[in-house]
Amino acid sequence: MVGGGADAGINPYAANLRQSMQGRSGWAGLVHNRRVFAITVFASLGGLLYGYNQGVFSGVLGMNSFDTRMASAVDNPGLKGWLVAILELGAWFGVLCTGYLADKLSRKYAILFAVVIFCIGVIVQTTAYHPSSILGGRFITGWGVGSMSMSVPLYNAELAPPEVRGSLVALQQLAITFGIMVSFWIDYGTNYIGGTGDSQSEAAWRLPLALQLVPALVLGAGIMFMPFSPRWLVNQGRDDEAIVVLSRARRLPIESDLVQIEFLEIRAQYLFEKETNAAKYPQFQDGSFKSNFKLGLHDYMSLITTKTLFKRLSIGALTMFFQQWTGVNAILYYAPTIFKSLGLVGNTNSLLATGVVGIVMFLATIPAVIWVDKVGRKPVMVSGALIMAACHIIIAILTALYQSDWTAHSSAGWAACALVWVFSMAFGYSWGPCSWIVVAEIWPLSVRGKGISIAASSNWMNNFIVGQVTPTMMSKITYGTFIFFGAFSFMGALFFAFFVPETKGLTLEEMDQVFGDSEGLAIADRERQAAISERIGLAAYGRTGDDRVEKGSSQHEQYEDRLPEKE
């Protein structure tokens, strides 16, 4: 039996040969895969937009000229919460739309569509004179941000070699934290336009909002020159284009074993899912819009009705749930308010302390990009959650003891501020990047776009709820807010430790094996796997066993030494 095992179309000897030829992970792997590294860095401008948008509004909310212009909303705690949270509601809507668009239009055109929507929202906000315009503009901007938050990691994951996939998907979070860091310091600088008091110019808040257009336009123009995802191309029957993309991305000849095996594994997975789908739903195979629509509905339903897909959906949705209930966005959105509550006097000082949050989060994300494929997802996520929980609890204790008179206990106030910075570092190296890595890599090709959209929608809906409730929690239960988020951080550590499998170093086509996807793989399915493997030539890579693996190792060394100069 050649295509056995739980993973559709994966031949064990071919997989061993491919693994023997894979490069190293970490920084060396990123340098070796510098073409795909450069492409994913550019695509991750979408993350920069996401991060900048997250961070910039927290500073804008505290600016005198903005508060004066939008006083009817800012002075009302409920409406103030809506000013922040409506972006997440728009993002939730956007990410749900993108599951279909990413499959239909392609991953890269989904990114382009998101950029256009984003720019419309930014223009509405920048020219706003009433709270209603801010609310409408932030909803539209959120739509674009949500769409990018799903399509960018999906694009990066499908283009990346398995040995550096975690690092390349984590680039999105590095870009997010860079955007947050830049936005905080731009807010700090523009806060001085016209002075920090009643004389402050409205340019102080309109300028940082308008600056979002610059990277958005660069991304929108540049994405047109990026390659399509090879897995999307295979799913569209464009095999010749797919193997060329793989060859260029891996910087190896088309005829190399590594490129051939990776391509054949992708194609085997696609054919297996297509033929299985045809056997299950023969009545929907005429290619009409109605039939394709019904097949799409069945794909969505399969996320709930198929045991292993429901397990993946649960892991993806709960990962994003716990990411938001660590309280990270409560800190990002309301950092100036939180620092004032911890004893920092004056808007300028609180903005300065907020700027440090951006710096430490960005710096902490860099090790995740370099080492996540060596260390693995689980130890990173569990350790980060435990550190965040400890920070929350200690901040709660300090606040309970000294909030009545911070001025007399300034050292305790600064200690609490420092713990906010430590919390930001812990999130930056763990749940920030790794949550998106896990959500992007756990799905089979046939439902990958839809699965990511549903799982990512959990991020934005919970983000929306956190943005809504945080102002009320800070005013009503004060230090209890930190205890609340600390408890959820601890539960997140337990969840990841006991319920989420390790996925480092595996191809996207091998994820079925990790999740025990033997459901439905009866004799007929195993025969179909074997037939596909034989028909497309993947079985040929399994016939000489360990000798072929040894050849693969030496071939890999030759490719390392003799990479083609002409791309």
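The values are calculated or read from the model by the stated rules, or taken from the named source; none is laboratory data. Remember, it's a predicted structure, so these values are computed and weren't measured experimentally. Note that we place each Cβ from the backbone using ideal geometry, even for glycine, and neighbour counts take in every protein chain shown. Each accessible area value is taken on the protein alone, full model and side chains, heavy atoms only, with ligands, DNA and RNA left out. Shrake-Rupley method; radii C 1.70, N 1.55, O 1.52, S 1.80 Å.
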Practice task
Please work out if Asp373 is free of Cβ contacts under 8 Å to residues at least 60 places away in the same chain, more than 14 Å from Ile176 (Cα to Cα) and not aliphatic (A, V, I, L, M).
Solution key: no
Problem - Residue in segment 436-448 that is within 16 Å of Leu332 (Cα to Cα) and either buried (at least 24 other Cβ atoms within 10 Å of the Cβ) or modelled with pLDDT of 85 or more (or both) present - result: no
Practice task
Pick out the one residue from Tyr100, Tyr188, Tyr155 that is open to solvent by less than 10 Å² (accessible area, probe 1.4 Å) and in a helix (DSSP H, G or I).
Solution key: Tyr155
Fill in the blank from the handout: From the option list Phe499, Phe464, Phe495, Phe484, single residue qualifying as surrounded by fewer than 21 Cβ atoms within 10 Å (Cβ to Cβ) and in contact with a Leu (Cβ under 7 Å, 6 or more places away or on another chain) is Phe495
Fill in the blank from the handout: Selection over segment 189-221 where residues are more than 24 Å from Met148 (Cα to Cα) and either of a type in the set (A, V, I, L, M) or under 27 Å from the mean Cα position of the chain (by Cα) (or both) yields a count of 3
Handout entry: Unmet requirement for Phe228, which otherwise passes all of (1) open to solvent by 10 Å² or more (accessible area, probe 1.4 Å); (2) farther than 30 Å from Glu273 by Cβ
Key = (2)
Exercise for the section: Determine whether segment 16-35 contains at least one residue that is open to solvent by less than 30 Å² (accessible area, probe 1.4 Å) and at pLDDT 80 or above. Expected result: no
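Residues checked against (1) on the phi > 0 side of the Ramachandran plot; (2) at pLDDT below 85; (3) not in a helix (DSSP H, G or I):
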| site | (1), (2), (3) |
| --- | --- |
| Gln172 | no, yes, no |
| Ala175 | no, no, no |
| Phe178 | no, no, no |
| Val182 | no, no, no |
| Asp198 | no, yes, yes |
| Ser201 | no, no, yes |
| Arg206 | no, no, no |
| Leu209 | no, no, no |
Handout entry: Close pairs (6 angstrom Cβ cut-off, 6 or more residues apart or separate chains): in the same structural domain as Pro208 (by the TED database) in segment 107-129, among the basic types (Lys, Arg) and open to solvent by less than 50 Å² (accessible area, probe 1.4 Å) anywhere
Key = Thr126/Arg206
Completion exercise
Reported set for segment 274-328 where residues are open to solvent by 80 Å² or more (accessible area, probe 1.4 Å) and basic (Lys, Arg) is Lys274, Lys280, Lys290, Lys307, Lys311
Handout entry: From the options Val122, Val115, residue that is assigned to a helix (DSSP H, G or I), among the β-branched types (Val, Ile, Thr) and touching a Ser or Thr at 6+ places or on another chain (Cβ under 7 Å)
Key = Val122
